[in-house]
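The values are calculated or read from the model by the stated rules, or taken from the named source; none is laboratory data. Since this is a predicted model, take the numbers as computed values, not measurements. As a convention, Cβ positions derive from the backbone with ideal geometry for all residues, glycine included, and neighbour counts pool all protein chains shown.
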Amino acid sequence: MNDLSKRRLKTWVRMLGVTRAAENRLRDYLRREHDTTLPRFDVMAALWRRRDGVTMSELSRMLLVSNGNATAVVDRLEKDGLARREAEDGDRRRIRVRLTPEGLTAFEAMATGHEAEVDAIFANLGEADLDMMRDILARAGRHE
């Protein structure tokens, strides 16, 4: 391995560390303040963005998880009255899931705190830092 290759590997390890630390902090916040989990928050966020609802397959693709994982979270949300499943255009084989009014309210309360936690995690970064990071990550994500 050359020096640049080693530096890229070290950067990757650092990125993983930062990501895991931030994710752990957000998991702890959601558990402590909202008695919920990060996967549940992620499902609610996806449903909040798509108010007209999504199929379970669409939800799985949006979240990059298996249908089984998405179904388990939606089952719990539905049991708690935060989401509901409905047959699409009367076709009981095609089900859409969406947040209930209670789910929308609950998610919006969680999202406000979640944003504040993310803001605190990155509080030592200014506008120029964030712009640079966004550009670097965009370039790093391009695979040719």
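Worth a mention:
- Applying the condition of being of a type in the set (Asp, Glu) and within 17 Å of residue 39 (Cα to Cα) to the range 49-100 and asking which residue is surrounded by the fewest Cβ atoms within 10 Å (Cβ to Cβ) yields 75.
- Residue 51 vs. criteria free of Cβ contacts under 8 Å to residues at least 60 places away in the same chain and within 17 Å of residue 78 (Cα to Cα): yes
- Search result, residues across the range 60-98 that are under 12 Å from residue 40 (Cα atoms), in contact with a strand residue (DSSP E or B) (Cβ under 8 Å, 6 or more places away or on another chain) and in contact (Cβ under 8 Å) with a residue 24 or more places away in the chain: 74, 77, 82, 83
- Among the residues making up the range 19-37, those that are surrounded by 16 or more Cβ atoms within 10 Å (Cβ to Cβ) and under 26 Å from residue 124 (Cβ atoms) are 26, 29, 30, 34.
- Once the range 132-144 is narrowed to residues that are aliphatic (A, V, I, L, M) and farther than 20 Å from residue 21 by Cα, the residue that is modelled with the highest pLDDT is 132.
- Residues that are surrounded by fewer than 12 Cβ atoms within 10 Å (Cβ to Cβ), in a helix (DSSP H, G or I), modelled with pLDDT of 90 or more and polar (S, T, N, Q) occur in the range 109-131; there is at least one.
- The set of residues in the range 1-51 being of a type in the set (Asp, Glu) and more than 15 Å from residue 82 (Cα to Cα) consists of 3, 23, 28, 33.
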